[in-house]
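The values are calculated or read from the model by the stated rules, or taken from the named source; none is laboratory data. All values reported here derive from a predicted model rather than from experimental measurement. Because the Cβ atoms are built from the backbone with ideal geometry, glycine has one as well, and the counts that use them run over all protein chains shown. Accessible surface areas use protein heavy atoms only, side chains included; no ligands, DNA or RNA. Shrake-Rupley method; radii C 1.70, N 1.55, O 1.52, S 1.80 Å.
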Amino acid sequence: MKRMAKGLALSLMLGAVALPAWAQPASSIASQEDLSAREEAFNLARVSLDVIHAKPGTKLEIAPEIASFERFLTSKFPDYRQFKRLSHREETLAEKAQLKEALPNGTQLSLKNLGWKNGFASIELDVDGLQSVVRVKDGKGFFQAGRAYDGGMLLLSIEVSKP
Amino acid sequence: MTEQELKELLMPYADGELEPALAAQVEQALTENAALRGELEEIQTISALARTAFEAPEADLSGVYDGVMARLGLQEVKPVAAPSVWERAKTWMGEFFRFEHPWALVGGGLAAAAAVLAINAAGTSEQASTTEQATIAGTEGPRRRGAEGEIKAMGRDSGIIVEHLEAQKGKVKAEFDDDPEAPMVLWHVVDEENTVAPKGL
């Protein structure tokens with residue numbers, strides 16, 4: 001009786017081990033490849049970078065190409081009145097890929113796409129000793145500010161979206 | 001699969017609970033259906049915010065504190081006066097004499113005594129909360145700020161979460177706005193550069 005029970009338990013265990021392998025059709029392997037391709041596409045992030053020079057002044061002057069930021073520039077940086085865009089760049093980054101930009105103050109900015117999770121893209125930012133990981137919702141953006149440049153301050157506008 | 005069925009699968013999909021084959025179907029539908037993507041993002045955003053609310057390990061409260069102080073400054077804090085001894089006596093005497101049966105007088109006496117105790121307790125707690133409010137409104141409390149060189153901060157608005165913030169030199173601050181449309185600013189200020197920094201840096 002004991003031997004029979006052992007035999008039954010053994011066959012059940014073997015069945016449990018063999019069943020998933022037997023049950024997995026060839027097409028599911030293909031769909032897994034498909035899944036990783038989709039995951040790769042899912043993790044692409046479109047990063048838009050504007051390098052802006054902000055200077056104090058009396059008259060408000062905002063370059064037309066960044067006029068859409070006016071409301072935020074004036075409210076977030078009230079001590080600065082002149083805003084000039086020095087460069088603009090947009091890149092689609094695969095997961096773990098980086099955008100590197102040489103900034104006019106001699107430093108280098110690096111933005112790395114760490115992938116999407118829960119509707120937010122994780123972006124690792126590294127610029128002249130500042131290191132940050134910011135999670136950005138699709139279509140949203142943020143500023144990085146504070147470092148001096150040519151009588152004013154360097155302002156980086158970073159927007160992230162799904163391509 | 002109908003759109004309704006797909007919508008019902010979004011929550012388990014976001015939680016990673018779907019079978020791979022079913023998850024693949026949902027993903028396929030997501031690539032084709034913008035409205036579905038929008039729903040998924042809403043679900044994910046809500047989950048992320050809820051999770052962040054519970055997980056937030058450390059917070060830079062310097063900006064928050066200023067904001068609260070500013071708001072408190074705009075409001076007049078009107079202390080609630082504790083009832084006078086005469087008012088308290090009137091209350092319990094009234095209760096005492098409203099009883100019609102003699103046996104009720106004993107009960108009424110006990111009730112009045114309880115009322116006096118309750119009034120006393122209420123008065124004390126009101127005074128305590130008033131004092132506390134006055135302390136919050138009237139004093140400049142300590143600010144939590146990271147040390148120079150190694151700073152971590154966390155915060156969020158409707159579309160941004162700062163997970164990590166650190167500088168090898170200078171000071172950093174993640175500045176959020178009450179306006180959910182306004183972008184967050186990651187400030188990195190080095191003293192000797194003399195740039196105009198926000199309050200708290």
- Determine whether A:Lys140 is free of Cβ contacts under 8 Å to residues at least 60 places away in the same chain and under 30 Å from B:Glu39 (Cα atoms). yes
Condition set among the charged types (D, E, K, R) and more than 8 Å from chain A (Cβ to nearest Cβ), scope segment B:12-31, selection farthest from the chain's Cα centre (by Cα): answer is B:Glu19
In segment A:143-153, is there at least one residue being out of contact with any Phe, Trp or Tyr (no Cβ under 8 Å at 6 or more places or on another chain) and under 26 Å from B:Ala50 (Cα atoms)?
-> no
Of the conditions (1) assigned to a loop (DSSP other than H, G, I, E, B); (2) open to solvent by less than 60 Å² (accessible area, probe 1.4 Å), the single one that A:Thr74 does not satisfy is (1)
Report whether or not A:Glu95 is closer than 23 Å to B:Arg37 by Cα, away from chain B (no Cβ under 14 Å), open to solvent by 10 Å² or more (accessible area, probe 1.4 Å) and in contact with a Gly (Cβ under 6 Å, 6 or more places away or on another chain). yes
Going through segment A:50-71 in order, the residues found to be over 19 Å from B:Asp179 (Cβ atoms), under 25 Å from the mean Cα position of the chain (by Cα) and not in a strand (DSSP E or B) are A:Glu65
